[in-house]
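Student: Starting off with a structure, shown below.
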Amino acid sequence: MSKLELSPSEALYPVPVVLVSCGNQDLANIITIAWCGVACSKPPLLTISIRPSRYSNNIIKEAGDFVINIPTQNLLKEIDICGTVSGRDKDKFGLCNFTKADPSRVRSPMIKECPTNIECKVTEILSLGAHDMFIGEVVKVHRDASVLDKEGNMDYSKAAPIVYNQGEYWSLGKKIGRYGFSAE
């Protein structure tokens, strides 16, 4: 197989598309993030990376917390709006008809319309160049029963998550295996 050498870039794909809410019930914002990932399992730590010029960057720095909301495919238009419109100019909760839901461990509101909400407290901020990486300790996870199977596990076909591939939104396909199947 012939391979081309390319310039360094953020060539990783796919990456999850999430809506990060921040602030408080009175002054809240939402930002669409594709630079999101798992940093550690014990304690559970998630990362989000945001350019310093973005409105949400300073809100999260001041609040010290954020919520990662995992949207469904039916929210694709709202996802794109929250990634292309600035919260400095528009109230994204109002613009997208999103409902602020009360968190239990942080001040930042959750997005009720997203079936999974992950409350995070900022433990560290790393300035990495074009982005600041926020490391957040997961302090509470909320999940709608509508996306669970009969055993109470996540049913990804019901959750309908979205991934980002170099400028394009994609849905996930079908399950093709599970961890450890090769050893059976």
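Student: Looking at segment 16-71 only, could you name the residues that are within 17 Å of E124 (Cβ to Cβ), touching a strand residue (DSSP E or B) at 6+ places or on another chain (Cβ under 8 Å), open to solvent by 20 Å² or more (accessible area, probe 1.4 Å) and among the charged types (D, E, K, R)?
Tutor: K61
Student: Among the residues of segment 11-19, is there at least one that is part of a strand (DSSP E or B), more than 9 Å from the chain's Cα centre (by Cα) and of a type outside the set (V, I, T)? Let's see the steps before the verdict.
Tutor: Of the residues in segment 11-19, the ones part of a strand (DSSP E or B) are 15-16, 18-19.
Pick out the ones that are also more than 9 Å from the chain's Cα centre (by Cα) and you get 15.
Narrowing further to those that are of a type outside the set (V, I, T): none.
Within segment 11-19, none of the residues are part of a strand (DSSP E or B), more than 9 Å from the chain's Cα centre (by Cα) and of a type outside the set (V, I, T).
Student: Related question: Could you check, for segment 158-178, whether at least one of its residues is of a type in the set (S, T, N, Q), outside any strand (DSSP E or B), in contact (Cβ under 8 Å) with a residue 12 or more places away in the chain and open to solvent by less than 60 Å² (accessible area, probe 1.4 Å)? Outline the logic, then answer.
Tutor: Within segment 158-178, the subset of a type in the set (S, T, N, Q) is 165-166, 171.
Still in the list and also outside any strand (DSSP E or B): 166.
Among the residues that remain, those that are also in contact (Cβ under 8 Å) with a residue 12 or more places away in the chain are: 166.
Among the residues that remain, those that are also open to solvent by less than 60 Å² (accessible area, probe 1.4 Å) are: none.
No: segment 158-178 contains no residue that is of a type in the set (S, T, N, Q), outside any strand (DSSP E or B), in contact (Cβ under 8 Å) with a residue 12 or more places away in the chain and open to solvent by less than 60 Å² (accessible area, probe 1.4 Å).
Student: Out of (1) small (G, A, S); (2) part of a helix (DSSP H, G or I); (3) at pLDDT 95 or above; (4) closer than 19 Å to V17 by Cα, the odd one out for G94 is which?
Tutor: So the condition that G94 fails would be (4).
The values are calculated or read from the model by the stated rules, or taken from the named source; none is laboratory data. These numbers were taken from a predicted model, which means no experiment stands behind them. No Cβ is skipped: glycine too gets one built from the backbone with ideal geometry, and neighbour counts run over all protein chains shown. We work out accessible area using only protein heavy atoms, side chains counted, and drop any ligands, DNA or RNA first. Shrake-Rupley method; radii C 1.70, N 1.55, O 1.52, S 1.80 Å.
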